[in-house]
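Working notes, structure below.
No lab work stands behind these numbers, since they all come straight from the coordinates. Quick caveat: nothing in here was measured; it's all calculated off a predicted structure. Positions of Cβ are generated from backbone atoms using ideal geometry, with glycine treated the same way; all protein chains shown enter the neighbour counts.
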Amino acid sequence: MQLIIFKDYNALSQQAANEIISLVKHKPDAVLCLPSGSTPLLTCQLLVQKAKAENVDFSSCTFIGLDEWVGIPPDNEGSCAFFFRNEVFKHLHFSASHIHLFNALSENLAQECAAMDSVIFENGGIDLMLVGVGMNGHIGFNEPGISFDLYSHIAPLDETTTAVGQKYFKEATELSQGITLGLKHLLESKKVLLLANGNKKAAIIQKALEGEITNALPASIIRQHSNSIVMIDEEAAVMLT
Ligand code: GLP
């Protein structure tokens with residue numbers, strides 16, 4: 001694991017977008033996994049700008065959505081699908097058949113998980129996985145206590161997640177389960193970038209990077225990956241010794 005501390009959110013997001021651009025230039029059929037949320041927002045916006053300026057073609061790439069709120073339809077502005085559509089697919093041309101998002105309305109969520117795992121294996125694994133970190137140290141919806149040995153699965157959501165998650169929705173929304181890639185996918189990805197910015201993430205980043213590596217704090221798993229980069233801004237780094 002490598003740690004890079006950037007001056008601010010903009011510098012961090014520039015570098016994250018550059019990482020994606022450079023991968024796709026070298027491997028046009030790369031398998032990319034992106035999260036939604038506040039953290040990757042500027043990365044996505046810069047990615048769109050850079051891809052247009054440098055004529056980078058995403059049409060052969062495979063896109064994997066990290067997670068989704070169970071029961072929330074894709075046209076709800078708080079859903080991960082809504083974020084991906086507005087921030088990524090509206091601007092970059094991915095082939096529709098190469099976009100793989102969890103259908104959180106499915107009556108057979110176990111099948112959704114199995115289908116996502118198959119897509120990842122059949123495409124040779126994830127080349128680049130970007131993740132954020134939740135206020136409780138989760139990655140995707142891998143909540144505290146989750147096994148490091150799981151692929152895609154359904155997860156009961158932690159109280160912190162259901163409370164913090166309200167920020168994505170226009171009105172109070174009942175959230176109880178998530179569907180998510182597992183930490184085994186993260187460990188098997190060829191490269192992982194974990195992004196965090198702002199003072200509010202400082203305490204969880206300190207625990208993840210300087211505490212014990214434990215499933216009680218899922219983000220600590222990043223230290224077990226040999227090709228991972230933790231990219232944080234100075235505010236998120238203030239508690240690091
Ligand atoms: C959310 C999502 C994660 C996301 C994390 C951080 O609940 N399940 O995929 O990375 O929490 O979100 P944010 O970037 O908005 O702080």
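Based on the Cα atoms of region 40-189, what semi-axes does the equivalent ellipsoid have, where each is the square root of 5 times one gyration tensor eigenvalue, given in whole Å with the largest first?
24, 19, 15
Post the alpha-carbon centroid distance, region 166-241 to region 85-158, in whole angstrom.
About 15 Å separates the Cα centre of region 166-241 from the one of region 85-158.
Among E143, E19, rank each residue by its count of other Cβ atoms within 10 Å, from fewest to most, as a rough exposure measure.
Sorted ascending by nearby Cβ count, the order is E19, E143.
Which value, in debye to the nearest 20, gives the size of the charge dipole of region 37-193 about its Cα centre, when Lys and Arg are +1 and Asp and Glu are -1 at the Cβ?
Charge dipole, region 37-193, about its Cα centre: 560 debye, nearest 20.
Could you pull out every residue, at least 5 positions away or on a different chain, whose amide H is within less than 5 Å of the one on V31? Hs are placed 1.01 Å off N in the peptide plane, and Pro or chain starts have none.
For V31, whose amide H was placed from the backbone, the distant partners under 5 Å are T62, D127, L128.
Two decimals is fine: what is log10 I(q)/I(0) at q = 0.14, 0.18, 0.26 Å⁻¹ for region 1-93, from a Debye sum with one equal scatterer on every Cα and no solvent?
Values, matching the q order: -0.53, -0.85, -1.41.
Mind checking region 86-135 for GluC sites (Glu not before Pro) that DSSP puts in a loop (not H, G, I, E or B) and that have at most 15 other Cβ atoms within 10 Å?
E107
Write down the Kirkwood hydrodynamic radius of region 101-214, to one decimal in angstroms, obtained as one divided by the mean of 1/r over all alpha carbon pairs.
15.3
If you take the charge dipole of the chain about its Cα centre, with +1 on Lys and Arg Cβ and -1 on Asp and Glu Cβ, which of A237, A11, H93 is farthest toward its positive end?
A11
To check you understand DSSP bridge types, tell me what percent of the beta bridges within the chain (both residues inside) are antiparallel, rounded to 5.
Restricted to the chain, the bridges split so that about 25 percent are antiparallel.
Order of H91, H138, H185 from fewest to most other C-beta atoms within 10 Å?
Final ranking by Cβ density, sparse to dense: H91, H185, H138.
Please give the calculated 222 nm ellipticity per residue for the chain, where each DSSP H segment of at least 4 residues contributes -39500 (n - 2.57) and the sum is spread over every residue; nearest 500 deg cm²/dmol?
Taken over the chain, the calculation gives -8500 deg cm²/dmol.
Rounded to whole Å and sorted largest first, list the principal axis extents of the Cα atoms in region 39-104.
38, 25, 17
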